[in-house]
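Would you mind keeping the following structure in view while I ask a few things?
The values are calculated or read from the model by the stated rules, or taken from the named source; none is laboratory data. Remember, it's a predicted structure, so these values are computed and weren't measured experimentally. FYI the Cβ positions are ideal-geometry reconstructions off the backbone, even for glycines, and counts take in every protein chain you see. Areas reflect the complete protein model, heavy atoms only, side chains present, ligands, DNA and RNA absent. Shrake-Rupley method; radii C 1.70, N 1.55, O 1.52, S 1.80 Å.
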Amino acid sequence: MPPPPEHADRPASGPASEQYGRIVSSHGRHYMVELDDGTLRKCFPRGKKGGAAVGDHVAVTLKGEEGSIERILERKNLLYRSDDMRTKQFAANVDLLLIVVASEPMFSDDLAGRALVGAWTAGVEPLVILNKADLPSAALAMRRLASLQKLGVPVIEISATDTEATRRALLPLLRGRCSLLLGQSGMGKSTILNALVPDARAHTQAHSQALGAGRHTTTATRLYHLPGNGGNLIDSPGFQAFGLYHLGPEEILLGFPEFGEHTAQCRFYNCSHRHEPGCGVLAALESGAISAERHALYERLLAEHEASNSY
Ligand SMILES: Nc1nc2c(ncn2[C@@H]2O[C@H](COP(=O)(O)OP(=O)(O)O)[C@@H](O)[C@H]2O)c(=O)[nH]1
Ligand SMILES: [Mg+2]
Ligand SMILES: [Zn+2]
């Protein structure tokens, strides 16, 4: 059988022992790989090489029950965050980023804005899910999302505790695609996952047992198949920080597509859109065409990037 086109770097005939699969969970140094035949194998990266992420397609060689990851096949994208201490990979080959927010506890505008920038700079389509729509405070959260909605980012309201309604709202959007659930702790990611993947808890336990990893696996990132849907859903641990230190000035601008038309008006070709005279972006900020909150986030990301490169 010829390799599927999205795996162009699969040789038509590799070493007989080499098989292909997808990473469905990661636990420190080892990974769970789902082989093309649907079986799961615990795999280790070859040598000291790390860097594989959940969602990666990989070539592995099997040795008994375990395997080693020989290569990471070509990626469509990689979503990750970074600060001056370290880089944390969320997932690879993501089609849709589900940014989960809620009003109790109230989500952070800053973190939601960063997730959106992360999606756009990686070329991933974003969708904001406002969960806990049953709470009266949800209306306040919705108002705080207005600046993102104005940019054309879709926002849907759900109550994940209403399993049937959640399935009706989300499953059609996730069909045939790989989606990543991202959000702060307490926003309702696990509740959404359990509504969409009814046996998610059982799967999690099976993984933990196979890995001999016990209780510590609760913080792992994991890929689940949406039953009868052809889509996959990746659940990730909640985060309290979302550094984007790896993004340089040009990449940061990709996260602010609404600045684009205004940068054409800037007097200086190398304008940083912060303090320069004759800056089109600052003029748009002044007139209200660009939101103050978005421009403030832009300035924070630039300042963080500069600070991280200055020592
Ligand atoms: N009122 C309400 N509470 C919810 C909803 N979804 C989740 N919760 C609650 O919010 C808390 C955090 O949910 P959880 O799924 O664990 O969030 P996670 O940390 O993002 O995985 C739990 O107590 C849930 O029962 C919802 O739609 N409405
Ligand atoms: Mg959770
Ligand atoms: Zn400018």
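So what are the ³J(HN,Hα) numbers for region 93-105, from phi and the Karplus equation (6.51, -1.76, 1.60; θ = phi - 60°), rounded to whole Hz, Gly and Pro as x?
Once rounded to whole Hz, the list reads 6, 9, 8, 9, 9, 8, 8, 8, 10, 7, 9, 9, x.
Tell me, what ³J(HN,Hα) does each residue in region 73-81 have, in order and in whole Hz, if you take phi through Karplus 6.51 cos²θ - 1.76 cosθ + 1.60 with θ = phi - 60° and put x for Gly and Pro?
Once θ is set to phi - 60°, the couplings for region 73-81 become 6, 3, 9, 6, 6, 9, 9, 8, 10 Hz.
Relative to the Cα centre, what is the charge dipole magnitude of the chain, using +1 at the beta carbon of each Lys and Arg, -1 at the beta carbon of each Asp and Glu, and rounding to the nearest 20 debye?
660 debye
Spelling out what I want: for every residue of region 269-281, take phi, set θ = phi - 60°, compute 6.51 cos²θ - 1.76 cosθ + 1.60 (Karplus), and round to whole Hz; glycine and proline get x.
Each residue of region 269-281 in turn: 5, 9, 4, 9, 6, 10, 9, 6, x, x, 7, x, 5 Hz.
Would you mind telling me which residue in Ser291, Ser26, Ser236 has the biggest mean-square fluctuation in a Gaussian network model of the chain, where springs connect alpha carbons within a distance under 10 angstrom?
The residue that fluctuates most here is Ser291.
Tell me the label-point distance for the pair Glu34, Arg201, using the 7 Å Cα-to-Cβ offset, in nm and rounded to one decimal.
2.1 nm
Determine the gain in length on full extension of the stretch Arg86-His275; use 0.36 nm per residue of separation and subtract their C-alpha separation, reporting nm with one decimal.
65.0 nm
With every protein chain kept in place and ligands, DNA and RNA left out, what is the accessible area per residue of region 78-235? Probe 1.4 Å, answer in Å².
Value for region 78-235: 42 Å² per residue.
Among Ala200, Ala289, Ala92, which one shows the highest mean-square fluctuation when the chain is modelled as a Gaussian network with alpha-carbon springs under 10 Å?
Ala289
Okay, next question. Taking 7 Å along the Cα-to-C-beta vector as the label spot, tell me the Asp162-Glu306 distance in nanometres, rounded to one decimal.
Inter-label distance under the simple model: 4.8 nm.
Which of the peptides 112-122, 170-180 is most tightly packed, and how do the rest follow, judged by the mean count of other Cβ atoms within 10 Å per residue?
112-122, 170-180
Next question. What's the percent breakdown of Cα-Cα distances in region 78-235 across 10 Å bins, shortest bin first?
Pairs per bin, as whole percents: 10, 39, 38, 12, 1.
Now a separate question. Give me, ordered by chain and number, the residues 5 or more places off Gln184 or on other chains with an amide H under 5 Å from its own placed amide H.
Phe239
Sticking with this structure for a sec: Would you grab the residues whose amide H sits under 5 Å from the one on Glu74? Only those 5+ places off in sequence or on another chain, please, with H modelled 1.01 Å from N.
For Glu74, whose amide H was placed from the backbone, the distant partners under 5 Å are Asp9.
Please compute the length gained on full extension between Glu65 and Glu261, using 0.36 nm multiplied by the number of residues separating them and subtracting their Cα-Cα distance.
65.0 nm
For region 249-308, give the magnitude of the charge dipole about the Cα centre (Cβ charges: +1 Lys/Arg, -1 Asp/Glu; no others), in debye to the nearest 20.
140 debye
If you don't mind, there's one more thing I want to ask. With unit charges on the beta carbons (Lys and Arg positive, Asp and Glu negative) and the dipole taken about the Cα centre of the chain, which residue among Gly278, Ala169, Gly67 sits farthest to the positive side?
Result: Gly67, furthest along the dipole toward the positive end.
Tell me, in nm to one decimal, what length is gained between Glu286 and Ser17 on full extension, where the rule is 0.36 nm per residue of separation less the Cα-Cα distance?
Roughly 90.6 nm would be gained on extension.
Further, regarding this structure: For the chain, what is the calculated [θ] at 222 nm in deg cm²/dmol (nearest 500), taking -39500 (n - 2.57) for each run of four or more DSSP H residues and dividing by its residue count?
-8500 deg cm²/dmol
Collect residues whose amide H, placed 1.01 Å from N in the peptide plane, falls under 5 Å from the amide H of Ile69; neighbours closer than 5 in sequence don't count.
Counting only residues 5 or more places away or on other chains, the set is Phe44, Arg46.
Over the chain, with a Gaussian network built from C-alpha contacts below 10 Å, which listed residue (Ala141, Ala165, Ala59) shows the highest mean-square fluctuation?
Among Ala141, Ala165, Ala59, the largest GNM mean-square fluctuation belongs to Ala165.
Compute the distance from the alpha-carbon center of region 17-75 to that of region 146-186, in whole Å.
30 Å
Hey, if you put +1 on the Cβ of every Lys and Arg and -1 on every Asp and Glu Cβ in the chain, which of Ile290, Ala241, Cys43 ends up farthest toward the positive end of that dipole?
My answer, from the dipole projection, is Cys43.
Hey, could you get me the Stokes-Einstein D for region 41-161, Kirkwood radius over alpha-carbon pairs, 4 °C and 1.567 mPa s, rounded to whole µm² s⁻¹?
78 µm²/s
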